[in-house]
Structure formats: C-alpha cells, structure tokens
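Engineer: What follows is a structure written as structure tokens; I'll ask about it next.
What follows is calculated from the coordinates using simple rules that are stated; it is not laboratory data. None of these values were measured; they are calculated from a predicted model. Virtual Cβ from ideal backbone geometry, glycine too; neighbours counted across all protein chains shown.
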Amino acid sequence: MKIPKRLQPLVDDGLIDEVLSRLMSGKEADVYVVRSGDELRCAKVYKEAAKRSFKKAAQYTEGRKVRNSRRQRAMEKGSKFGRKEQEQIWQNAEVDALYQLADAGVRVPEPRGCMDGVLLMELVVDENGDVAPRLGDVMMTDLEAIGHHAFVMQDVVRMLCAGIVHGDLSEFNVLLDEYGPVIIDLPQAVNASANNNAKAMLERDVDNMTKYFGQFAPDLLETNFGKEIWQLFEDGKLRPDTVLTGEYEESEEAADVDGVMIQIQEAFKEEQERLERIRQANEGD
C-alpha cells in the first residue's frame, strides 16, 4: 500500500521496511501493520489534538507533570509551545505505561520505540498468526468468560499496584491471543495517586469488563470487583497476587455531619478567642 506521510520518516530511517495494511482508525490514532526486517509490527500513528475525538482529556492528564518548570508553565497557560509539550506527554504516556506494565507482569504489547508521534510495538496475533481479535468480536462459553474475566481482573490489580489505572478499559481495548487477554490503548492511563478521578475510572473500567463478560456468564453481574480492588488499594492491602472475591460491603455507618460541624464551630470559636486575646494584649502595650 502507499506509505502514509506520517510513516515515511520511519521508512527513511530504516525502522520500517514495508507498510502492509491499515489495521484500524480509532479516536486518538490510526494503526497500521508494518514489516521491520523479518518481524511484523504494529505502527500506531497518533492524531493531532485538534483531530482527536477523545473526550474530557483534561480528566486523564491531571497529575501528569514535567520536570522542567518552564514547560510546565507553558502547558498550564496553553501556549503554542505548551500545547506541543502536552501533546508530547500524551504520546509518551502510552510508551511509559507499556514499559512499566510489562515490568509489572501485565500482558500488554511490547513497545519497540516511539518517534515523531508514531509508536512501534509488537503485533499481537492469534494461534494462526493472524491479527488477534478484540474481545468485542469474540463469542465464548460461560467458563471461558469467567476465566478471561479473572485474568483481566488480576491484570487490573497488577496495574494498580504499579500505580496506573487504564481509564478507558472495555472489550474494544483488550485483544485475545492464544494465551488470553492482552490490554491495549494506554495514552489516557492515569496516575492512581495523583489523579482525583482515578477511583471512578478504575471502577468504570472494571464495570465495563464485568458487563461484557456477564453476557456469557451472568453470575459475574452480581460481583463488585471494582470497589473491592479500590478499597484494598486505599487500605494499603493490595498486592499483585491478591486473591479477589468480588464481594464488597458498603459501610452502614452514616457520616456524623452534625458532629463534624460542631467541631468546626468550636475550633472557629477558639481561634476567634485567641485572636481577641492577642488584640487585647497589643492594646495593653
């Protein structure tokens, strides 16, 4: 096929020998199957911010910082330079997450490098060597669904233990090869500790997967893995090999709002009395 303009520099530099086909076009990138030497790879070409349809990106980039204070200020002001830096961080986030999660034992495509807004990585294939299908394109038995669901939940745990929440996990962002699920598409991955939306995103990720697998294994719809995982994480008890139950009991203790308000009022009164004593002492001088 004709070489896309964004891939031409990688061809010129010898990183890609041949562009074989266009695999898909997503909301944040176009993906191609390419050949590098004897190996088939995946080339993910990120779309520019103005052409990207990823919604509420600010929720995902919260907590992402750069070490250079000048760049950080430019990003906060939204200048042309700042937008360019923000775009670079958005693209690098996936590369960084892939390396970090692979080290944590999460099944993700192996990255092969990123250059000029193009991410080269392993092409995930099935047992026949064909491009692995997305979960959303696969039918399965109830036992297979339960097994794959458990596999994904354990990878979600490993991700969280590594400090990362996928943020957009669904049956369309998980591939299925001969060994099981492989999680993909991570440019929106968030820092679990630095992003205020992390809890809601993790629970949504888990709910999305549970609803999908629940089509084949309805018993999964009665589970509550998302809240269980986050509670263990908050309590400092989550480990990569934590055995989950899918059970979670909401606290039945009502918040003592009146008691809190009384404490606030008493503290305010004490502060006013302290200030009054200081004022009187100053006047006495």
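Engineer: Could you give the length gained by full extension between Asp235 and Asp219, i.e. 0.36 nm per residue of separation minus their alpha carbon distance, to one decimal place? Don't skip to the answer; put the middle values down first.
Structural biologist: Working: separation 16, 0.36 × 16 = 5.76 nm, distance 2.74 nm.
Value of the extension gain: 3.0 nm.
Engineer: A follow-up question, please. At 7 Å along Cα-to-Cβ for each site, give me the label-to-label distance between Gln88 and Glu48 in nm.
Structural biologist: 1.8 nm
Engineer: Next up: Between Asp38 and Glu110, with labels modelled 7 Å along Cα→Cβ, what's the label distance in nm to one decimal, could you check?
Structural biologist: 1.5 nm
Engineer: For Asn128 and Glu18, calculate 0.36 nm times their separation in residues minus their Cα-Cα distance, and state this gained length in nm to one decimal.
Structural biologist: My answer for the length gained is 37.4 nm.
Engineer: Which distance in nm do the two modelled labels at Asn196 and Arg6 give, with both placed 7 Å along the Cα-to-Cβ direction?
Structural biologist: Calculated label separation equals 3.2 nm.
Engineer: Okay, next question. Using Cα centres only, tell me the gap between segment 207-225 and segment 110-124 in whole Å.
Structural biologist: Going from one Cα centre to the other spans 32 Å.
Engineer: Moving to a separate point now. Just in segment 179-255: which GluC sites (Glu not before Pro) are loop by DSSP and have at most 16 other Cβ atoms within 10 Å? Before the final figure, lay out the partial values.
Structural biologist: Values: sites: Glu203, Glu222, Glu228, Glu234, Glu247, Glu249, Glu250, Glu252, Glu253; in loops: Glu247, Glu249, Glu250, Glu252, Glu253.
Here the GluC sites (Glu not before Pro) that fit, given the DSSP loop and packing criteria, are Glu247, Glu249, Glu250, Glu252, Glu253.
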